[in-house]
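Below: one structure, written as structure tokens.
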Amino acid sequence: MAGKPADWVFQDPRLKEMHQDYGAYTQEDFAVWKTLYERQIVNLPKAASQAYLDGIKEINFSADRIADFAEVNRILSKSTGWGVQVVPGLIDDDLFFGLLKNKQFPSSTWLRKMEQLDYLEEPDMFHDAFAHMPLLTNQPYVDFLQNLSGIALKYIDDKWAIHLLSRIYWFTIEFGLIREKGELRIYGAGILSSAGETKFSLSDDPDHIDYDVRRIMQTAYWKDKFQDKYFVIESYEQLYNSIPEIEKVLAEELIASEGAENE
């Protein structure tokens, strides 16, 4: 991304001008949001990180109202300076990390259908909003997200580097656990939006491993089933403070992979 202005992503033609048309949501959309919200929120007081529980109150989500991004942006701008950028769905890596580097969380606005309540291949706005946005009120968390994205942009043309960084993102932002007052709690959005994985991740069935940057980069993840291992941070400050180590270990892993190819 060398030579590009810091806010290049907002001028990129691939990022279409989109907004949330709140008036277009149907009765089924509201019913889907309400069903998903009520089914999962009851599991979280004893399972989710306190930062998430505080965030969902601050961001003013409720079962009866689909998340209103205009309201979310007003709240986040006063909280951490972040915002929500509407996107059509999954986007290219450079756009994704470019938005995060500019303190904009990419989110779709479409909701799954009633028959898709239990499984969806592509994340919808319930996942993006309910699971991700409350933690955007936590400063060390968003600082980590922004700086991790900065590293990704430096290596955006190196597919293996992006894959290794995707493992960091996966085992923290999507499927991370945190230890609070001696107990395991959830902060990963992929777990927070899944009633089944909420219970499973905190059970004795999977491995719970202390946060380890190198081990995460060397660990494959599952997209189509529950993880068999979860990495546990002690605080969001620990996550943010690991940024220099992530950059160092990434460089070492890339050198090691080049050496293995040349043997």
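A few points about this structure:
- A crude spin-label estimate for the pair D204 and K113, with each label 7 Å from Cα along the Cβ direction, gives 4.3 nm.
- Computed from the C-beta positions of R65 and E122, the FRET efficiency with R₀ = 25 Å rounds to 0.60.
- Helical content of the chain, expressed as a calculated mean residue ellipticity at 222 nm, amounts to -12500 deg cm²/dmol (DSSP H runs of 4 or more residues, -39,500 (n - 2.57) each, divided by residue number, nearest 500).
- Whether region 1-136 is rounded, prolate or oblate, judged on the alpha carbon gyration tensor where a/c under 1.5 counts as rounded: prolate
- Euclidean distance of C-alpha centroids, region 152-166 and region 172-202, integer Å: 25
- Pairs of Cα atoms farther than 14 Å apart, region 57-104, %: 57
- Neighbour cut-off at most 11 other Cβ (10 Å), DSSP loop, trypsin sites (Lys or Arg not before Pro), region 32-115: K46
- Among beta bridges that DSSP assigns inside the chain, antiparallel share in %, nearest 5: 30
- Peptide packing: for 160-168, 241-249, 13-21, 48-56, the average count of neighbouring Cβ atoms within 10 Å per residue gives the ranking 48-56, 160-168, 241-249, 13-21, highest mean first.
- For the pair region 48-115 / region 208-263, the C-alpha centres are spaced 26 Å from each other.
- Taking region 1-152 as the region of interest, the number of lysine pairs whose Cα atoms are within less than 18 Å, with members eight or more places apart or on different chains, is 8.
- Formal net charge of residues neighbouring Y25 (Cβ-Cβ distance under 11 Å; K, R +1; D, E -1): -3
- Taking packing as the residue-averaged number of other Cβ atoms within 10 angstrom, the listed peptides 201-209, 149-157, 128-136 run from highest to lowest as 128-136, 149-157, 201-209.
Laboratory data are not the source of any read-out in this text; all were calculated from the coordinates shown. Bear in mind that the values here come from a model prediction, so they are computed numbers and not experimental data. With ideal geometry, Cβ positions are generated from the backbone for all residues, glycine too; neighbour counts draw on all protein chains shown.
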